[in-house]
Amino acid sequence: MKVIFIRDLKGQGKKGEVKEVKDGYGNNFLIKNGYAVLASSGNMTKLKNEEARRGIEETLKVHDMEDIKKELEAKTFEFSAKTGKEGKMFGQISIKQIKEALNKEGFHIDKKQIHLDHPIQSLGTHFVEIELHKKVIAKMKVHVK
């Protein structure tokens, strides 16, 4: 029996996947509990239409993220820090501070999207990677004075 998974089931299949399973397992567990539907011609057509729709949505989302990337890369974010006699910073610029600066500028970005190997601890210009999408990574310019 062929089934189309409509929900992820660990170790068995992911949403949208078509698999061959035993009749009893398919009817009594997968279909009964809402993990899969029978792979009929109508359901296969629905699956193809759903995949096409998701592809279009993905393309639109990547396009939107490219626009945000251009905006981010055009700006320079300024941070002020106290320094000692030799120009060494007291403290550091962290992911949290970068996120707050982005929010003030109208970019709603989660701190998990900001990739910073270590907090910024020196004056000057630094580049911070922001993963807007799996396919879109922006390099934000941070200037510490």
What part of the accessible area of the chain, given as a whole %, is carbon or sulfur when the probe is 1.4 angstrom? 51 percent
1.4 Å probe accessible area per residue over the chain, in Å²: 69 Å²
Please tell me which of these pairs span more than 21 angstrom C-alpha to C-alpha: Lys88/Lys139; Lys19/Lys135; Lys75/Lys104; Lys99/Lys141? Lys88/Lys139; Lys19/Lys135
The chain: spread of alpha-carbon positions along the three principal axes, whole Å, largest first, is 77, 28, 20
Order these peptides, 116-122, 135-141, by their mean beta-carbon neighbour count within 10 angstrom, highest first. 135-141, 116-122
Cα extents of the range 21-98 per principal axis, largest first, Å, are 77, 28, 14
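The values are calculated or read from the model by the stated rules, or taken from the named source; none is laboratory data. This structure is a prediction, so every number in the text was calculated from the model and none was measured. Here the Cβ is made from the backbone with ideal geometry for all residues, glycine too, and neighbour counts use every protein chain on show. These area figures cover heavy atoms from the full protein model, side chains too; ligands, DNA and RNA do not enter into them. Shrake-Rupley method; radii C 1.70, N 1.55, O 1.52, S 1.80 Å.
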